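Enquirer: Starting off with a structure, shown below.
The values are calculated or read from the model by the stated rules, or taken from the named source; none is laboratory data. Because the structure is a prediction, the values reported are computed rather than measured. Virtual Cβ from ideal backbone geometry, glycine too; neighbours counted across all protein chains shown.
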Amino acid sequence: MKKTLLQNFFYLPVIALLCACGEFGSSGSSSDFKAQPSSGLPYSAYPNDKAQNDSVAAYLAKGIQLMVHPYGKYTISFDADTNSDAPELQLYRLTFPTDSTYTARQVRNLSAKDSAGRWYYSFDCKESDRAYWAATLSDGDSYYQGKVSNFRFTGKGAYTDHVSLNLTVVGKYEGTSDSVAVDSLAALILARFRASVPSDSITFDTIYVRYASAHPSLGSKYPSMFPWIAGRSSSDRLLTELGGWPEKSGPDVYDALDLVLVYYINTDNVLGLSSVFGGSLGGGDGSTVVIGTHYLYHGSVNSQKAADIVFTAVHESGHFFGLRHTTSTSADLLSTGDASDSTDGIEDTPYCKAIVFAKKSASAAEEATDAVYFRTMTMAAAVNVNSCPDADNIMFPSVTDATSPIFSNGQVSLMKSTLELYPH
């Protein structure tokens, strides 16, 4: 049986973010044609993501989503099409009256800067909170008809590379299979985070242990006498209401990375959950990483060693700070809808061709399951995960026999750039 690390890879809508932006308005050109996002925004671009993102590129003209953070400096770029004039990039702020609808208000038009055969569109953001925007392309009279290839969305933040951790215990702590107490588990988590990155990159300052039962307004919802199962309803999978607490303890706690420790997650073989790229520090949508001391398998609850729980915390936090799996699973590709993103695109992380081949060879029924869940004999026979070249990387999508998984230098660099975009 293979246990699988799973991240919550879907776009998470937000409700009417109230933002104060300081530099909106036209810049460079002012097309009469308003290229309102018309595609339904099926694809999202995330700052500094290095995956291939072919679908994002294909839909850019008629609308993709962007996630932006306060005071971030952003650039969208793609290869110049020698058969077309450079289009105008139009930016729209999105609000979400309901989970299934959005409204778009135009905030800026940008002209391209041509450099070394690429078109660049740069803008600063002075939002008061994380926000969702849309980008479209206009040729002046209609949506841009030229080719968009080698799309990139980069961002540089204004915040520190230091961060602390909150470990919030939800419900009754059911222990580990090797009888490690909560405080000792917290110390192991902090030590593993520190050991996972070079000391001159990201600094994990400290870890605080909290108990949800002591929350001033939500404590009665999470009594300490019963173990807590996450995901029994769709609204409590990530327990984001526990993020950013306790606010009054100071910014080092309030703006910490919130790790929420539960009994188990109510999906077979799932050890942890996190929003990918969409995280925020200090509470709210996408602000938590959920890990279980146990996991569910065919109706049976299985305990884990402390070291396995610690590994899950670091892996899921990698997603929180912008890392994809080194090799995408079928579940990853189904959730994003972009078959081009079989790898994370980071130069110094290898990927497992055997898994990619297994996905391409699978039947429709098998493709509907995660390739690394190994829920079918065909998949199990097709791939030995321990033989994959990325099996010793923290962001490999399945538990392997690797004793000391690592982040690559490229992964650490991406996590650092993401942390510096998150206000804290």
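Enquirer: Residue by residue through the stretch 356-407, note down the ones that are of a type in the set (Phe, Trp, Tyr) and at pLDDT 85 or above.
Expert: If the condition is that a residue be of a type in the set (Phe, Trp, Tyr) and at pLDDT 85 or above, then PHE396, PHE407 are the ones that fit.
Enquirer: Hey, any hits in the stretch 335-350 for a residue that's modelled with pLDDT of 85 or more, in a helix (DSSP H, G or I) and either not small (Gly, Ala, Ser) or not assigned by TED's automatic domain parsing to the domain that holds GLN304 (or both)?
Expert: Looking for residues that are modelled with pLDDT of 85 or more, in a helix (DSSP H, G or I) and either not small (Gly, Ala, Ser) or not assigned by TED's automatic domain parsing to the domain that holds GLN304 (or both), one finds none in the stretch 335-350, hence no.
Enquirer: Still on this structure, I have one more. Do you know which residues across the stretch 129-147 are loosely packed, with under 14 Cβ neighbours inside 10 Å and either in contact with a His (Cβ under 6 Å, 6 or more places away or on another chain) or among the hydroxyl-bearing types (Ser, Thr, Tyr) (or both)?
Expert: Matches in the stretch 129-147: SER142 only.
Enquirer: Failed condition for ALA187, given (1) out of contact with any Cys (no Cβ under 8 Å at 6 or more places or on another chain); (2) in contact (Cβ under 8 Å) with a residue 60 or more places away in the chain; (3) not hydroxyl-bearing (Ser, Thr, Tyr), with all others met?
Expert: (2)
Enquirer: A further question on this structure: Of all residues in the stretch 313-325, how many are buried (at least 24 other Cβ atoms within 10 Å of the Cβ) and either assigned to a helix (DSSP H, G or I) or touching a Pro at 6+ places or on another chain (Cβ under 9 Å) (or both)?
Expert: 9
Enquirer: How many residues are over 20 Å from PHE33 (Cα atoms) and part of a loop (DSSP other than H, G, I, E, B) if we restrict to the stretch 105-140?
Expert: Total satisfying the criteria: 8.
Enquirer: Right, here's the next one. Picking from ASP205, ASP200, which residue would you name as being out of contact with any Phe, Trp or Tyr (no Cβ under 9 Å at 6 or more places or on another chain) and in a strand (DSSP E or B)?
Expert: On the way: ASP200 fails: in a strand (DSSP E or B).
That would be ASP205, the only listed residue that is out of contact with any Phe, Trp or Tyr (no Cβ under 9 Å at 6 or more places or on another chain) and in a strand (DSSP E or B).
Enquirer: So, one more: Working only within the stretch 381-424, note down all residues that are touching a strand residue (DSSP E or B) at 6+ places or on another chain (Cβ under 8 Å), assigned to a helix (DSSP H, G or I) and over 20 Å from PHE321 (Cα atoms).
Expert: Within the stretch 381-424, VAL385 is the sole residue that qualifies.
Enquirer: Suppose the filter is buried (at least 18 other Cβ atoms within 10 Å of the Cβ) and part of a loop (DSSP other than H, G, I, E, B); does VAL163 pass it?
Expert: So VAL163 fails the test.
Enquirer: Report the residue count in the stretch 221-236 for those that are within 22 Å of the chain's Cα centre (by Cα), buried (at least 18 other Cβ atoms within 10 Å of the Cβ) and in a loop (DSSP other than H, G, I, E, B).
Expert: Here the count works out to 1.
Enquirer: Here is a list: LEU185, LEU239. Which entry is of a type in the set (A, V, I, L, M), assigned by TED's automatic domain parsing to the domain that holds GLY318 and either surrounded by fewer than 21 Cβ atoms within 10 Å (Cβ to Cβ) or modelled with pLDDT under 95 (or both)?
Expert: Exactly one residue qualifies, and that residue is LEU239.
Enquirer: Of the conditions (1) part of a loop (DSSP other than H, G, I, E, B); (2) surrounded by 15 or more Cβ atoms within 10 Å (Cβ to Cβ), ASN150 satisfies every one except a single condition; which number is it?
Expert: Going through the list (1) part of a loop (DSSP other than H, G, I, E, B); (2) surrounded by 15 or more Cβ atoms within 10 Å (Cβ to Cβ), ASN150 breaks only (2).
Enquirer: Looking at (1) modelled with pLDDT of 95 or more; (2) under 25 Å from THR240 (Cβ atoms), can you tell me which one ALA158 breaks?
Expert: (1)
Enquirer: Is it true that some residue in the stretch 37-53 is acidic (Asp, Glu) and either touching a helix residue (DSSP H, G or I) at 6+ places or on another chain (Cβ under 7 Å) or not in a loop (DSSP other than H, G, I, E, B) (or both)? Spell out how you get there, then give the answer.
Expert: The first filter runs over the stretch 37-53 and keeps only residues acidic (Asp, Glu), leaving 49.
With either touching a helix residue (DSSP H, G or I) at 6+ places or on another chain (Cβ under 7 Å) or not in a loop (DSSP other than H, G, I, E, B) (or both) added as a condition, the list becomes none.
Checked the stretch 37-53: no residue is acidic (Asp, Glu) and either touching a helix residue (DSSP H, G or I) at 6+ places or on another chain (Cβ under 7 Å) or not in a loop (DSSP other than H, G, I, E, B) (or both).
Enquirer: Also: Within the stretch 293-312, track down each residue that is hydrophobic (A, V, I, L, M, F, W, C), surrounded by fewer than 22 Cβ atoms within 10 Å (Cβ to Cβ) and under 28 Å from SER417 (Cα atoms).
Expert: ALA307, the sole residue that qualifies.
Enquirer: Next up: Do we have any residue at all in the stretch 100-118 that's over 30 Å from ASP236 (Cβ atoms), among the acidic types (Asp, Glu), touching a Lys or Arg at 6+ places or on another chain (Cβ under 6 Å) and surrounded by fewer than 22 Cβ atoms within 10 Å (Cβ to Cβ)?
Expert: No: zero hits.
Enquirer: Out of all the residues in the stretch 282-292, which are at negative phi and either surrounded by fewer than 24 Cβ atoms within 10 Å (Cβ to Cβ) or not assigned by TED's automatic domain parsing to the domain that holds LEU259 (or both)?
Expert: ASP285
Enquirer: Checking the condition among the hydroxyl-bearing types (Ser, Thr, Tyr), over 13 Å from LEU89 (Cβ atoms) and at pLDDT below 95, which residue from SER149, SER115, SER128 passes? Reasoning before the result, please.
Expert: Numbers: SER149 fails: at pLDDT below 95; SER115 fails: at pLDDT below 95.
The unique qualifying residue is SER128.
Enquirer: Being at negative phi, modelled with pLDDT under 85 and of a type in the set (A, V, I, L, M) narrows it down to one residue among VAL270, VAL276, VAL301; which is it?
Expert: After ruling out the rest, the residue left standing is VAL276.
Enquirer: Any residue in the stretch 408-416 that is modelled with pLDDT under 95 and either farther than 28 Å from PRO70 by Cβ or in contact with a His (Cβ under 9 Å, 6 or more places away or on another chain) (or both)? Don't jump to the end; show me each part of the working.
Expert: Kept after step one, since they are modelled with pLDDT under 95, are these residues of the stretch 408-416: none.
Looking for residues that are modelled with pLDDT under 95 and either farther than 28 Å from PRO70 by Cβ or in contact with a His (Cβ under 9 Å, 6 or more places away or on another chain) (or both), one finds none in the stretch 408-416, hence no.
Enquirer: OK, next. Which pairs do you get when a residue that is assigned by TED's automatic domain parsing to the domain that holds VAL170 and without any contact (Cβ under 8 Å) to a residue 24 or more places away in the chain, found in the stretch 293-304, comes within reach of a residue that is assigned to a strand (DSSP E or B) and hydroxyl-bearing (Ser, Thr, Tyr), reach meaning Cβ atoms under 8 angstrom, with the pair 6+ apart or on two chains?
Expert: Within 8 Å, the pairs are ASN302/TYR295.
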